[in-house]
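The values are calculated or read from the model by the stated rules, or taken from the named source; none is laboratory data. If you're wondering where the values come from, they're calculated on a predicted model, not measured in any experiment. Backbone-built Cβ (ideal geometry, glycine too); neighbour counts: all protein chains shown. Please note that ligands, DNA and RNA were not included when accessible areas were found on the heavy atoms of the full protein model with its side chains. Shrake-Rupley method; radii C 1.70, N 1.55, O 1.52, S 1.80 Å.
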Amino acid sequence: MTEKLIQDACDDTCSGTEADVLAVQEKLIGEAAATELADLFKALGDPTRVKMIHALLQSELCVHDLTVVLAMGQSAVSHQLRFLRNLRIVKRRKVGKTVYYSLDDDHVEQIFVQTLQHLKHD
């Protein structure tokens, strides 16, 4: 193990590349956007929420539908939906007393589908 660590270390002190690091730094994502992006990926870091998003990718569903699809209690489903709504990943539409949930926009769908395709890529 120690031998492997020694092999991975540089023999010389790194003096950087020829990249324009100041230009990269100027274009670097801002703190607020970085936090929002990290929060989005945190939301995708939970298998239950991933399954919920995948279900909503296929069809607009009410809370009851999601409890059946995910085999979860209504309270747990509602909690996860609230979390996803706060991050603008899902939206709701009320018809009478029934609330239907769907993905917030095409960007959420694209992120999800692209990530799935990446995982299946050989």
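Structure values in brief
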| quantity | calculated |
| --- | --- |
| Selection count, the range 92-112, where residues are more than 13 Å from L61 (Cα to Cα) and exposed (fewer than 13 other Cβ atoms within 10 Å of the Cβ) | 6 |
| Conditions (1) in contact with a strand residue (DSSP E or B) (Cβ under 6 Å, 6 or more places away or on another chain); (2) modelled with pLDDT under 95; number of the one not met by D105 | (1) |
| Candidates A19, A43, A33, filtered to the one that is open to solvent by less than 100 Å² (accessible area, probe 1.4 Å), of a type outside the set (K, R) and over 24 Å from D104 (Cβ atoms) | A19 |
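Conditions tested, residue by residue: (1) free of Cβ contacts under 8 Å to residues at least 24 places away in the same chain; (2) within 15 Å of D104 (Cβ to Cβ); (3) surrounded by 15 or more Cβ atoms within 10 Å (Cβ to Cβ).
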{"residue": "K51", "(1), (2), (3)": "yes, no, yes"}
{"residue": "L57", "(1), (2), (3)": "no, yes, no"}
{"residue": "L66", "(1), (2), (3)": "no, no, yes"}
{"residue": "S75", "(1), (2), (3)": "yes, no, no"}
{"residue": "N86", "(1), (2), (3)": "yes, yes, no"}
{"residue": "V90", "(1), (2), (3)": "no, yes, yes"}
